[in-house]
Amino acid sequence: MSAARMAPLSAQEEQDKWLADAQNLVKQYAFYMKRALDDNNLREALKQGSLMLGELRTTALSPQKYYELYMQVWSELHHLESFFADPARHGRTNLELYELVQHAGNILPRLYLLVTVGSVYVKSGEGAAKDVLKDLVEMAKGVQHPIHGLFLRAYLGQASKTLLPDAGSPFEGEGGDTRDAVDFVLQNFTEMNKLWVRMAHGGPARDVDRREKERRELRDLVGKNLHVLSSLEGLDLSLYRDVVLPRVLEQVVQCKDDIAQPYLMDAVTQVFPDDFHLKTLETLLGAVPQLKPSVRAGDVLASLMERLTQAAIDAPELADAFADADALLKFRECVAAVVEAQPQLEARERLLMHASLMSFAVAAHKDRLELVDGILASCASALGAPLPPASPRDGAAGEAGTSASSEPPPPAMIVADPKAVKQLVALLTVPLETYDTDDVLRLSSYPRCMSLLQPADARDMAVAVVKSVLKGSTAVGDPRRVETLFKFVASLMRDAGEEDEEDFEEAQLLMSRLVHRLRSDDTKTQLAILTTAKAQFATGGAKRLRHAAPPLAFEALRLGRAVVAEQSLDESSSTKTHESELLKQVLQFLYQLVSNLEQATCHDLALRLCLESARLADSAGAEHAAGDLFERAMTSYEEEIVDSKKTANGVVADRRVAAHVRELLRGDACRARGPRGGLRRAPAEEDGPGRRARGVRAPALAKVSGEDLRGGRRRQCRRLRGRRGRVGVSAESSENRERVLASLCDDRRGGGRGDRAAGVGAQQLPVVLRERMRGRAGVGGGGVARARRRRAEPARIAGCVPSRRARALRRDGAAHPAPAGEAGGRRGEVPGPPRGVRRDSYKKKTRFASKIVLRVTKTI
């Protein structure tokens with residue numbers, strides 16, 4: 001195949017081909033050079049060595065390939081250096097060799113040979129180290145090609161590393177001192193940095209990316225000079241502060257290069273000791289605002305602060321030194337200066353600086369919480385976060401500030417970049433992981449920083465705050481802290497964009513758990529805390545109040561029981577007055593919570609809460625409040641959830657609610673106990689039919705009401721039928737029962753459904769309860785008769801059974817007729833309404849009472 005038809009080589013293949021050709025020539029010249037060295041032929045060895053070094057003059061290789069060629073030549077030069085170090089083999093003095101190699105034809109091989117001979121010259125002690133090194137660093141200026149010059153000076157630095165007149169070195173004294181060594185390294189560093197920066201401007205604009213990549217590959221050659229400086233034994237703080245740092249920073253600032261400036265600043269931060277940085281912090285930070293605007297100054301400051309933060313963690317005794325140097329204040333001033341000098345600075349850079357500043361403040365000044373709050377405020381201001389609304393007491397100051405500055409504030413930099421979000425989350429997470437909940441809630445600028453996040457990220461951060469509070473061991477016991485806490489989690493209390501239903505439920509579950517962490521030992525303060533929390537939850541709408549209402553109700557009920565317990569222990573009138581007023585406020589809080597639940601269409605929760613509140617009021621002796629709450633529960637049951645059979649059954653079958661309704665209706669029947677723990681026999685006029693049947697003892701009845709009525713109700717009833725005893729109901733009822741029953745029949749309550757039903761009188765309810773309990777205990781008749789009687793009894797009591805159906809029921813063997821009415825009434829009839837009460841209103845108002853009695857007695 002002809003050469004014209006051959007496919008052109010790629011750039012990488014061309015580089016490999018040129019490198020292979022150069023390496024083959026180096027091997028060839030090195031072979032002849034080593035053969036001349038074996039023959040002690042100095043002139044031939046210099047000739048072949050010069051030809052070998054001439055291969056380094058190539059410009060076709062990339063820096064990476066050139067480095068491979070340089071390393072091959074460098075390994076061959078060791079043989080030539082060993083030959084120069086033995087005068088017996090070549091018969092010349094070191095000074096004569098130093099002058100002889102300068103006759104080489106090309107400058108690049110000449111300087112390599114000169115450096116090799118110069119290192120031998122200094123090691124022999126015939127030449128002063130400071131003079132020879134100064135001469136070499138000056139003559140190296142003859143090579144101005146960036147890549148050639150960088151590798152030549154890298155060879156000079158490597159060869160002279162052990163020849164510096166440092167403290168304790170054999171070359172110190174006549175060969176110079178540490179200052180001479182510092183001057184040599186700094187001069188070599190300066191020239192190398194100039195060559196490195198010059199690489200960015202040599203070539204067409206289309207190759208900018210390639211040149212930047214090549215420069216990053218060569219940056220370690222320049223940074224090695226700073227490492228040599230830091231390893232000098234004679235380098236002390238004064239020499240570093242007065243000579244080294246100013247000259248290095250001068251070169252950094254003057255180069256005006258996007259790659260050189262951040263790299264050299266980071267190199268200075270990493271190679272020199274921490275105590276040097278601490279003593280020269282102001283000088284070092286003064287150069288940061290002078291960097292090129294396109295340089296990421298945030299990375300530079302973050303690197304320095306992370307270095308000092310790690311030092312503070314490793315050596316806690318340095319905290320006093322940081323405080324004496326006022327390091328945190330200097331860092332804050334530098335960050336503010338950078339933000340002001342570079343208005344186009346990205347949000348990620350600003351957040352990176354403040355996140356590093358936060359880590360440093362926590363590590364060095366953990367006990368100073370005001371510094372952490374100041375950093376958060378500075379971060380919020382740097383990103384243009386809006387100021388919180390001024391409080392009323394700050395109104396005058398706010399008006400004065402508004403009049404003084406009429407310019408609108410710049411828009412906030414909402415953080416959307418994933419890297420910036422990560423930095424802001426890291427900034428906000430540091431206080432949560434370091435301080436207690438009470439300390440974090442003192443950070444007034446924390447919610448302001450959270451406002452910079454997008455809604456989804458803000459919700460995630462708020463969830464992290466809630467989890468931190470739940471994880472902590474300290475409860476939030478101050479209403480102002482509670483208000484601040486809800487500012488922290490404000491993103492969970494409002495709708496912003498689309499949100500997954502599962503995430504919403506999880507977040508609201510956490511918020512419900514958070515309510516139980518809002519607790520104070522003082523009852524009055526606890527009520528204020530619950531009031532504040534309820535007001536905050538109310539701003540989130542009905543769907544959030546649905547989740548928050550149960551924990552708020554439980555906490556309020558717990559508070560009410562605590563007040564009742566304190567009231568029973570303390571007999572003083574002033575304390576009772578105070579606690580009565582507090583209990584009144586608790587009941588009012590519960591009443592408002594019931595209203596909120598009803599507005600949120602959570603009628604089942606409202607009914608349960610209303611009944612539990614009635615129990616609380618009844619246990620505290622607040623009869624009027626208990627009656628009102630119980631009447632409201634009946635109204636809600638009749639008008640709102642009576643159409644939902646499942647909900648109604650679930651509410652009425654609840655054993656606590658059933659037990660409470662039973663207590664309200666039974667009155668003082670349990671106080672009529674016999675000598676063996678059972679109930680005394682009722683009077684003859686109240687017993688009714690079935691006196692020979694077996695009854696149920698009072699302790700067994702209480703046990704039935706306390707069992708799980710959903711699971712083992714039937715089994716318990718069958719077990720109790722075998723026990724002996726008799727049920728009796730007192731003819732007289734307590735005042736509380738009479739008041740509750742009377743409230744069901746007065747004219748103040750509106751009518752409900754069931755106009756066809758005939759009501760049950762208030763005085764008949766105990767009799768109905770007694771007869772129903774006897775029926776459940778197995779009073780009269782067989783199994784079929786009892787089943788039919790149980791099915792017919794609700795309709796019979798409500799008075800809505802047609803006469804034909806009632807006669808059919810009586811013919812099937814019922815053991816006893818309907819309960820007897822009041823005196824003067826006919827047998828099997830239910831008495832009419834009391835005097836002064838309209839019959840239609842009376843039927844509506846008493847219908848629900850009969851339902852409650854039947855369901856409760858069925859449960860009992």
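The values are calculated or read from the model by the stated rules, or taken from the named source; none is laboratory data. Everything numeric in this text was worked out from a predicted model, so none of it was measured. Counting neighbours? That spans all protein chains shown, and the Cβs are built from the backbone with ideal geometry, glycine included. Please note that ligands, DNA and RNA were not included when accessible areas were found on the heavy atoms of the full protein model with its side chains. Shrake-Rupley method; radii C 1.70, N 1.55, O 1.52, S 1.80 Å.
How about the range 318-359: which of its residues are under 25 Å from Pro293 (Cβ atoms) and aromatic (Phe, Trp, Tyr)?
The answer is Phe331, and nothing else.
So Arg89 clears everything in (1) open to solvent by less than 70 Å² (accessible area, probe 1.4 Å); (2) in contact (Cβ under 8 Å) with a residue 24 or more places away in the chain; (3) in a helix (DSSP H, G or I) except one condition, right? Which one?
Here Arg89 meets the rest and fails (1).
Return the total of residues in the range 340-388 being open to solvent by 30 Å² or more (accessible area, probe 1.4 Å) and either more than 14 Å from Pro431 (Cα to Cα) or assigned to a loop (DSSP other than H, G, I, E, B) (or both).
Number of matching residues: 14.
Would you please list the contacts, defined by Cβ atoms under 9 Å and residues six or more apart or on different chains, that run from a residue in the range 1-21 that is at pLDDT below 80 to a residue that is open to solvent by 90 Å² or more (accessible area, probe 1.4 Å)?
What qualifies is Leu9/Lys17.
Among the numbered criteria (1) open to solvent by less than 70 Å² (accessible area, probe 1.4 Å); (2) part of a helix (DSSP H, G or I); (3) touching a helix residue (DSSP H, G or I) at 6+ places or on another chain (Cβ under 9 Å), which one does Lys47 miss?
The one condition Lys47 does not meet is (1).
Could you list, in sequence order, the residues of the range 314-335 that are part of a loop (DSSP other than H, G, I, E, B) and β-branched (Val, Ile, Thr)? Reasoning before the result, please.
Start the filter on the range 314-335 by keeping residues that are part of a loop (DSSP other than H, G, I, E, B), which leaves 315-317, 326.
Of everything in the range 314-335, nothing turns out to be part of a loop (DSSP other than H, G, I, E, B) and β-branched (Val, Ile, Thr).
Out of (1) out of contact with any Pro (no Cβ under 9 Å at 6 or more places or on another chain); (2) under 23 Å from Leu441 (Cα atoms); (3) charged (D, E, K, R), what's the single condition that is false for Glu502?
Only one criterion in (1) out of contact with any Pro (no Cβ under 9 Å at 6 or more places or on another chain); (2) under 23 Å from Leu441 (Cα atoms); (3) charged (D, E, K, R) is unmet by Glu502, namely (2).
Restricting attention to the range 61-84, which residues are more than 11 Å from Phe151 (Cα to Cα) and open to solvent by 70 Å² or more (accessible area, probe 1.4 Å)?
Passing the criteria: Gln64, Glu68, His78, His79, Ser82.
Taking the range 248-282 only, how many residues are open to solvent by 20 Å² or more (accessible area, probe 1.4 Å), polar (S, T, N, Q) and under 37 Å from the mean Cα position of the chain (by Cα)?
Number satisfying all stated conditions: 1.
Which is modelled with pLDDT of 85 or more and surrounded by fewer than 21 Cβ atoms within 10 Å (Cβ to Cβ), of Ser619, Ser613, Ser595?
When all the criteria are applied, what remains is Ser595.
Based on this model, can you work out whether Ala337 counts as open to solvent by 10 Å² or more (accessible area, probe 1.4 Å), modelled with pLDDT under 90 and not acidic (Asp, Glu)?
yes
On the basis of being within 26 Å of Leu285 (Cβ to Cβ), hydrophobic (A, V, I, L, M, F, W, C), surrounded by fewer than 22 Cβ atoms within 10 Å (Cβ to Cβ) and in contact (Cβ under 8 Å) with a residue 24 or more places away in the chain, does Val244 make the cut? Break it down into steps so the answer makes sense when it comes.
Values: within 26 Å of Leu285 (Cβ to Cβ): yes; hydrophobic (A, V, I, L, M, F, W, C): yes; surrounded by fewer than 22 Cβ atoms within 10 Å (Cβ to Cβ): no; in contact (Cβ under 8 Å) with a residue 24 or more places away in the chain: yes.
No.
Across the range 169-225, which residue is nearest to Val271 (Cα to Cα) among those that are of a type in the set (A, V, I, L, M) and free of Cβ contacts under 8 Å to residues at least 24 places away in the same chain?
Val208
For the range 426-442, name all the residues that are closer than 15 Å to Leu357 by Cβ and of a type in the set (A, V, I, L, M, F, W, C). Working first, answer last.
First pass over the range 426-442, keeping only residues closer than 15 Å to Leu357 by Cβ: 426-431, 434.
Ala426, Leu427, Leu428, Val430 - these are the residues of the range 426-442 that are closer than 15 Å to Leu357 by Cβ and of a type in the set (A, V, I, L, M, F, W, C).
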